[in-house]
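The structure under discussion appears below in the form of structure tokens.
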């Protein structure tokens, strides 16, 4: 079996319980017909600052990709990236502000979304409707209903949607999961994920006018209309309820994804499975360290109960202290015969006497993750971080932890209704109170 196919099988194995899954490989739509065989794949990259610029560089480095459109609401960024792309590739992409122009072009096969969290869902849904495949950054949306609606669009329009959890395409994923699946850890019942890094304060700056060249109203999109503030914009938007999901959704999704996948493999070794939706989630913490404008917690503990398995997440945005002798971000899975710890680019396994028994590492895998996505655009198979079976379940953990923290009590999501029953304190956070016209999230039945 080829390595890339093995990665796909491993990434999705055991992950379909409780969610409908696409069946056999799909034929390319009319819009995607030019992506057959050795044809170049035409893409539109939407949101091209920070993370989006990193994705742009990776996609344009591929000889089998044509960057057809660049899209951003900041004309200064858009102009710069367009010049850089032309210089790098010899081809000048069309620079646009409104991503819908790219969706209307039948020559575009796929869109790449490097936008803020509040701009993940609606462009993904619209792209699926338009017959485009999607590479979208994590988490899967701004809230639970957005993620669920994205999955419904992927399923209905039979699209390839890859979430930007790059570790799913690393070689050390293979070796770690093989080690866990072989039963080396013994009886496993607990996994942990964490983020411990000094992020720094964002202060309390005053509101100002938007920078020249920025369409701030378009940037807000579905979010409430508010005065412009420099800390509610580039980079630091993620710390506000209107646009981001806190560091739990920013970096935590990577660590929780590792921990959940490890639990799934450990359960598989015992002939068991871990439900994709935990039975109960509890969260504590808050703004305990920084006195600034940030709304999401700088200190947070979240516990997820899965029948016989427990997963925990620890967030400390003010502490540079490494955990388990590695770095400030990672995950671990614990058994009665030892444990395995992930850092950013590898893992170490220890026996019950704390002896290091095995380890592996590999480079960060954005290039491999993009290659996997492009392969799947052609083959119509599931990518390593398929939204429905991999990306949404891991993103859901982040959203659930945030809901429990904001509701101030333990919550239980009903996987059949995707609600918290009669818990109004939690149900209010399933989605936004209001989506600003014209950027309204479609009803599931109208996706």
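Whether any residue in the stretch 75-97 is at pLDDT 95 or above, crowded, with 24+ Cβ neighbours inside 10 Å, under 23 Å from residue 242 (Cα atoms) and touching a strand residue (DSSP E or B) at 6+ places or on another chain (Cβ under 6 Å) is what I want to check. Within the stretch 75-97, none of the residues are at pLDDT 95 or above, crowded, with 24+ Cβ neighbours inside 10 Å, under 23 Å from residue 242 (Cα atoms) and touching a strand residue (DSSP E or B) at 6+ places or on another chain (Cβ under 6 Å). So for the stretch 157-179 (the condition being within 30 Å of residue 291 (Cβ to Cβ) and touching a residue at least 12 places away in the same chain (Cβ under 8 Å)), does at least one residue qualify? No, that holds for no residue. Could you say whether any residue in the stretch 215-228 is in a strand (DSSP E or B) and either more than 20 Å from residue 242 (Cβ to Cβ) or in contact (Cβ under 8 Å) with a residue 24 or more places away in the chain (or both)? There is no residue in the stretch 215-228 that is in a strand (DSSP E or B) and either more than 20 Å from residue 242 (Cβ to Cβ) or in contact (Cβ under 8 Å) with a residue 24 or more places away in the chain (or both).
Checked against (1) more than 17 Å from residue 241 (Cα to Cα); (2) assigned to a helix (DSSP H, G or I); (3) touching a residue at least 40 places away in the same chain (Cβ under 8 Å), residue 399 meets all criteria but (1). Remark: pairs (first residue in the stretch 232-244, touching a residue at least 40 places away in the same chain (Cβ under 8 Å) and on the phi > 0 side of the Ramachandran plot; second residue assigned to a loop (DSSP other than H, G, I, E, B) and crowded, with 17+ Cβ neighbours inside 10 Å; Cβ separation under 9 Å; 6+ apart in sequence or on different chains) = 235/49.
Scanning the stretch 140-155 for residues that are in contact with a strand residue (DSSP E or B) (Cβ under 8 Å, 6 or more places away or on another chain) and not in a helix (DSSP H, G or I) returns a single hit, 140.
Within the option set 361, 445, being at pLDDT below 95, in contact with a strand residue (DSSP E or B) (Cβ under 6 Å, 6 or more places away or on another chain) and surrounded by fewer than 23 Cβ atoms within 10 Å (Cβ to Cβ) holds for one residue only, 361.
Here 113, 56 are screened, and the one residue that is surrounded by 24 or more Cβ atoms within 10 Å (Cβ to Cβ), in contact with a helix residue (DSSP H, G or I) (Cβ under 7 Å, 6 or more places away or on another chain) and without any contact (Cβ under 8 Å) to a residue 60 or more places away in the chain is 56.
Of all residues in the stretch 59-87, those satisfying the criterion of being without any contact (Cβ under 8 Å) to a residue 40 or more places away in the chain and part of a strand (DSSP E or B) are 66, 67, 69, 70, 71.
Answer with yes or no whether residue 374 is touching a strand residue (DSSP E or B) at 6+ places or on another chain (Cβ under 8 Å) and closer than 28 Å to residue 186 by Cα. No; evaluated as a whole, the condition is false for this residue.
No other residue among 189, 159, 155, 129 is closer than 22 Å to residue 372 by Cβ, modelled with pLDDT of 95 or more and surrounded by fewer than 24 Cβ atoms within 10 Å (Cβ to Cβ) apart from 155. Scanning the stretch 337-358 for residues that are part of a loop (DSSP other than H, G, I, E, B), surrounded by fewer than 18 Cβ atoms within 10 Å (Cβ to Cβ) and touching a strand residue (DSSP E or B) at 6+ places or on another chain (Cβ under 8 Å) yields 337, 344, 345, 352. Answer yes if at least one residue in the stretch 383-392 is surrounded by fewer than 24 Cβ atoms within 10 Å (Cβ to Cβ), modelled with pLDDT under 95 and part of a helix (DSSP H, G or I), and no otherwise. Within the stretch 383-392, none of the residues are surrounded by fewer than 24 Cβ atoms within 10 Å (Cβ to Cβ), modelled with pLDDT under 95 and part of a helix (DSSP H, G or I).
Filtered by the rule that a residue be assigned to a helix (DSSP H, G or I) and either over 26 Å from residue 238 (Cα atoms) or out of contact with any strand residue (DSSP E or B) (no Cβ under 9 Å at 6 or more places or on another chain) (or both), the stretch 104-120 gives 117, 118.
Residue 409 passes every criterion in (1) part of a helix (DSSP H, G or I); (2) more than 15 Å from the chain's Cα centre (by Cα); (3) over 17 Å from residue 157 (Cβ atoms) apart from (1).
Counting only strands (runs of 3 or more DSSP E) that sit completely within the stretch 238-331, those holding 3 or more residues that are buried (at least 24 other Cβ atoms within 10 Å of the Cβ) correspond to 299-306, 309-316. If you filter the stretch 162-183 down to residues that are surrounded by 19 or more Cβ atoms within 10 Å (Cβ to Cβ) and in a loop (DSSP other than H, G, I, E, B), you find that the one that is farthest from the chain's Cα centre (by Cα) is 170. Note on the stretch 251-273: residues that are in contact (Cβ under 8 Å) with a residue 60 or more places away in the chain and either more than 14 Å from residue 331 (Cα to Cα) or more than 13 Å from the chain's Cα centre (by Cα) (or both) total 13.
For the stretch 413-430, a residue qualifies if it is in a loop (DSSP other than H, G, I, E, B) and surrounded by 18 or more Cβ atoms within 10 Å (Cβ to Cβ), and the qualifying residues are 413, 420, 429.
The values are calculated or read from the model by the stated rules, or taken from the named source; none is laboratory data. Note that this is a predicted model, so its numbers are computed, not measured. When we count neighbours, we look across all protein chains shown, and the Cβ atoms used for this are built from the backbone with ideal geometry, even at glycine.
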